[in-house]
Amino acid sequence: MASASRKIVLGCRDSVLAIAQTNEVAEALKKRFDDVVIELLTIKTGGDLQRDVPVTQIGVGVFVKEIESALSAGEIDIAVHSLKDLPTTLTDGLVISGVPYREDPRDAVISKTKSGLNEISAGSIVATGSARRRALIASERNDLILKPIRGNVTTRLAMLDDENSVIDALILAAAGLKRIKVADRISEYLSCMSFVSAPGQGALALQTRVDDENAGATCAAIEDATTRLCIETERAFMNEIGGGCSAPIGAHARIDGDVITLAVFVSEPSGANFVRHRASASASEGIELGKRVADHIIQQGALEFLPQSTAVAVS
């Protein structure tokens with residue numbers, strides 16, 4: 001006799017990328033469990049509804065609050081988030097129960113001339129919505145014009161392609177471009193250890209209610225242990241330093257054998273003054289490494305660059 005099927009409702013942002021990410025999770029769950037029926041619920045978030053306002057002005061958790069509310073209310077069983085959108089302080093009653101294998105964590109250049117960041121002509125207009133990316137670009141190329149931009153990946157690509165556009169290049173997460181099958185647009189991949197990625201970039205967080213053991217166990221079944229350790233190291237750094245969504249902060253961890261290495265970047269918005277640091281430890285000491293690196297760069301004056309905010313979501 002065939003076992004009875006069980007329905008799992010996945011919730012995510014109402015965007016092409018979020019839906020693609022959630023479909024990845026759905027397929028992974030179907031491969032792992034032959035009795036699940038997946039239902040997808042898309043939810044518009046505050047960040048999606050306020051596209052004319054910079055993310056730095058609309059607060060922390062702007063892409064997750066409404067999804068978390070639906071999860072807490074039992075409207076969905078599992079919330080699927082881009083991990084970098086999720087504050088390091090989690091909402092009461094909710095937990096990250098699964099972190100699947102991380103997609104490419106690098107940032108990528110998409111330019112009209114197919115040029116990389118160092119080859120783009122002086123005076124070119126480079127668009128990004130990220131304070132971190134702007135500061136990193138400015139620290140390397142102060143001869144470029146940086147333009148803020150909002151909108152999902154497809155919207156930003158359309159802005160670049162518009163024949164009347166003044167934009168010469170975009171900087172976007174490689175993971176998003178790969179997940180929506182437009183990686184062929186990438187002109188250059190930027191090293192996530194030098195052009196330091198956002199904490200959690202490329203990774204997904206599967207969030208459940210603390211008291212829903214079945215959903216928690218389901219998410220844990222598609223957990224990737226290496227990804228989990230890396231993102232916990234990055235988030236430990238963020239939690240210790242207390243930077244906010246308007247702060248130019250990067251933190252990326254990489255594991256090679258039994259060694260974990262964490263690279264970090266904290267800057268003034270202008271990119272004129274910044275602190276970089278890289279350190280390694282035994283892979284089992286990742287979280288402690290994140291805390292130690294935060295303490296080190298605080299001693300180097302990094303907190304002077306940060307706004308008076310304790311929010312911890314970055315892009």
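Please enumerate the residues belonging to the stretch 206-216 that are out of contact with any Ser or Thr (no Cβ under 8 Å at 6 or more places or on another chain) and either of a type outside the set (D, E, K, R) or in the same structural domain as Ala135 (by TED's automatic domain parsing) (or both).
The answer is Val210, Asn214.
Go through the stretch 267-287 and give me each residue that's in contact (Cβ under 8 Å) with a residue 40 or more places away in the chain, under 21 Å from Leu229 (Cα atoms) and over 21 Å from the mean Cα position of the chain (by Cα). Quick ask: steps written out before the conclusion?
Kept after step one, since they are in contact (Cβ under 8 Å) with a residue 40 or more places away in the chain, are these residues of the stretch 267-287: 267-272, 274, 276, 278, 283, 286-287.
Now restrict to residues that are under 21 Å from Leu229 (Cα atoms): 278, 283, 286-287.
Within the stretch 267-287, Ala283 is the sole residue that qualifies.
Looking at (1) surrounded by 18 or more Cβ atoms within 10 Å (Cβ to Cβ); (2) modelled with pLDDT of 95 or more; (3) aliphatic (A, V, I, L, M), find the lone condition where Ile125 falls short.
(1)
Quickly run through the stretch 100-146 and pick out the residues that are outside any loop (DSSP other than H, G, I, E, B), closer than 17 Å to Pro269 by Cα and not aliphatic (A, V, I, L, M). Explain how you work it out, then say what you get.
Taking the stretch 100-146 and keeping what is outside any loop (DSSP other than H, G, I, E, B), we get 107-111, 125-127, 131-140, 145-146.
The next check asks that each one be closer than 17 Å to Pro269 by Cα; those that pass are 126-127, 131-140, 145-146.
Within the stretch 100-146, Arg132, Arg133, Arg134, Ser139, Glu140 qualify.
Do you know which of the residues in the stretch 157-182 that are over 17 Å from the mean Cα position of the chain (by Cα) and among the charged types (D, E, K, R) is modelled with the lowest pLDDT?
Glu163
The values are calculated or read from the model by the stated rules, or taken from the named source; none is laboratory data. No experiment lies behind these values; they were computed from the predicted model shown. When we count neighbours, we look across all protein chains shown, and the Cβ atoms used for this are built from the backbone with ideal geometry, even at glycine.
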